[in-house]
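Below you'll find the structure, written out as structure tokens, and then a few comments.
The values are calculated or read from the model by the stated rules, or taken from the named source; none is laboratory data. Bear in mind the structure is a predicted one, so any value in this text is a computation, not a measurement. Every residue, glycine among them, receives a Cβ derived from its backbone with ideal geometry; neighbour counts consider all protein chains shown. We work out accessible area using only protein heavy atoms, side chains counted, and drop any ligands, DNA or RNA first. Shrake-Rupley method; radii C 1.70, N 1.55, O 1.52, S 1.80 Å.
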Amino acid sequence: MRGWWQDLADLVLPAECGGCGRPRTVLCPRCRAVLAGAAPRRVRPEPEPSGLPAVHAAAPYADEVRAVLLAHKERGALALAAPLGAALAGAVRAGLRQAPGVGAWGPVLLVPVPSARRAVRTRGHDPTRRIALAAAAELRRCGTPARALAVLRQRRAVADQSGLDSRQRRDNLAGALTVAGAGVRLLLGGPVVLVDDLMTTGASLAEAARVVGAAARGAASRGPAYDRAPAAVYAARTREGMGDKHRGARRKEGNSVYDTEEKAAANGPGEVICAAVVASSPDSFEMNRN
């Protein structure tokens, strides 16, 4: 009920810019440019948690961007979902450009990291799911088949993460997520991009990637939908894992171990190919300047 009244209020009452407070505009041109005016960038937290997929962010989490995210999440400024979704769609496209062969496996599935049930009840909406829906619509409008697939759930209560360091966040989230029963088979409908409104330590995205990957592989092993993809994916991941131990080694062009066909298979149905967020900590942007 609260969400319905909030939607009506956003349509009828004068709004103010979610970033700077300028009256009678949901998001002023200057704040819109700060949110989505620059090219999304690859971001990495420090330390980087094990299992974190490649993450692209639309903007650093600071100033106007921080204000916009908080206005949408905590103050129920639901009209901000559209510009936030457009910014997230840009980050998704940046990740897809690094994932060859994606289009051959069906629509891109945007899987949002779930909010805690208590937080959803308190806020009256799930902000990440709402942004994911807007991002999927923006991707489709621009010609990329996509759908939002909110299949992740919290299986147990977790502590408020705002005061936790990276190790504490990993421990807090370990085993906290699960894929809803009906969602397991839905994951085989296309390649997966994990999405969230904000990345700080990367612990939430890493845990989501682990859970989605395990669910998709389990579903594929019980049916024919995956065909030849699992073996190729396993081989590619094993080789990447070996490569991670020797970060000084470079992959050479033409190396058959990383040929186009295998890369395409690794981007198949249910596979987490990358992650995208609206914003990430400024430090994670700094890490990638050189």
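Remarks
- Count - residues of region 172-222 that are open to solvent by 10 Å² or more (accessible area, probe 1.4 Å), within 18 Å of Leu109 (Cβ to Cβ) and assigned to a loop (DSSP other than H, G, I, E, B): 3
- Region 21-36: number of residues that are assigned to a loop (DSSP other than H, G, I, E, B) and open to solvent by 60 Å² or more (accessible area, probe 1.4 Å): 2
- Exactly one residue out of Ala104, Ala134 is modelled with pLDDT of 95 or more and more than 18 Å from Met199 (Cα to Cα), and it is Ala134.
- Among the residues making up region 48-105, those that are among the β-branched types (Val, Ile, Thr) and open to solvent by less than 10 Å² (accessible area, probe 1.4 Å) are Val55, Val65, Val68, Val92.
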